[in-house]
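So the structure is just underneath, and the comments pick up after that.
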Amino acid sequence: MKAISLFEPWATLIALRLKKFETRSWPTAYRGPLLICASKKRPPLNKIIGILYRAGITWNDLSPGRAVAIVDLVTILRTDDIVIQGKGIDQNWPQGDELYFGDFSPNRHVWKLQNIRRFVNPPYIMGRQGIFNVPDDLIKDLETYPPLPIPTPMIRFESLKSQKK
């Protein structure tokens with residue numbers, strides 16, 4: 001299986017389905033299943049505390065040195081080719097906290113991830129730079145959490161009050 005290593009907390013953000021777009025300085029022709037591995041090395045806490053706080057996770061929630069999820073890499077676009085936070089934005093592209101969890105500056109590449117399956121017991125995997133191969137037998141029988149239900153839009157209390165009149 002193809003795999004990629006990410007620093008924490010970004011790997012865990014993907015596994016928790018809080019990050020569905022990975023930003024890179026380089027594209028790849030590969031599309032399909034991709035193993036998300038958390039690198040052993042973590043940035044200093046003072047560099048990531050804001051991201052942890054925003055995501056509602058702690059240092060102890062991270063899984064350094066482990067494969068945390070399998071995703072489907074479905075498409076890659078250049079940051080210059082997508083409109084972010086524009087009027088009428090396509091709901092399939094980064095918005096809200098997602099913009100805080102990646103580097104969407106010009107001349108970068110946005111990897112769209114779908115079908116995120118987080119491992120119940122993440123296995124230790126030696127990461128590498130770039131896309132690399134992991135033997136299928138290391139992950140084929142691992143249990144993943146069931147998919148989350150599709151979120152429904154929240155109805156604001158004020159709009160309910162106005163409907164009663």
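The values are calculated or read from the model by the stated rules, or taken from the named source; none is laboratory data. Quick caveat, the model's predicted, so the values are computed rather than measured. Cβ sites come from the backbone with ideal geometry, for glycine too, and all protein chains shown count toward neighbours.
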>> Looking at the range 17-39, can you tell me whether even one residue there is surrounded by fewer than 20 Cβ atoms within 10 Å (Cβ to Cβ), within 22 Å of Glu143 (Cβ to Cβ), in contact (Cβ under 8 Å) with a residue 60 or more places away in the chain and of a type in the set (A, V, I, L, M, F, W, C)?
In response: yes
> For residues in the range 116-151 being outside any loop (DSSP other than H, G, I, E, B) and of a type in the set (Ser, Thr, Tyr), which is modelled with the lowest pLDDT?
Replying inline: Thr144
> For the range 63-96, what are the residues that are farther than 21 Å from Trp111 by Cβ and modelled with pLDDT under 90?
Replying inline: Lys87, Gly88
> Does Arg17 satisfy the criteria of being of a type in the set (Lys, Arg), farther than 21 Å from Phe132 by Cβ and in contact with a strand residue (DSSP E or B) (Cβ under 8 Å, 6 or more places away or on another chain)?
Replying inline: yes
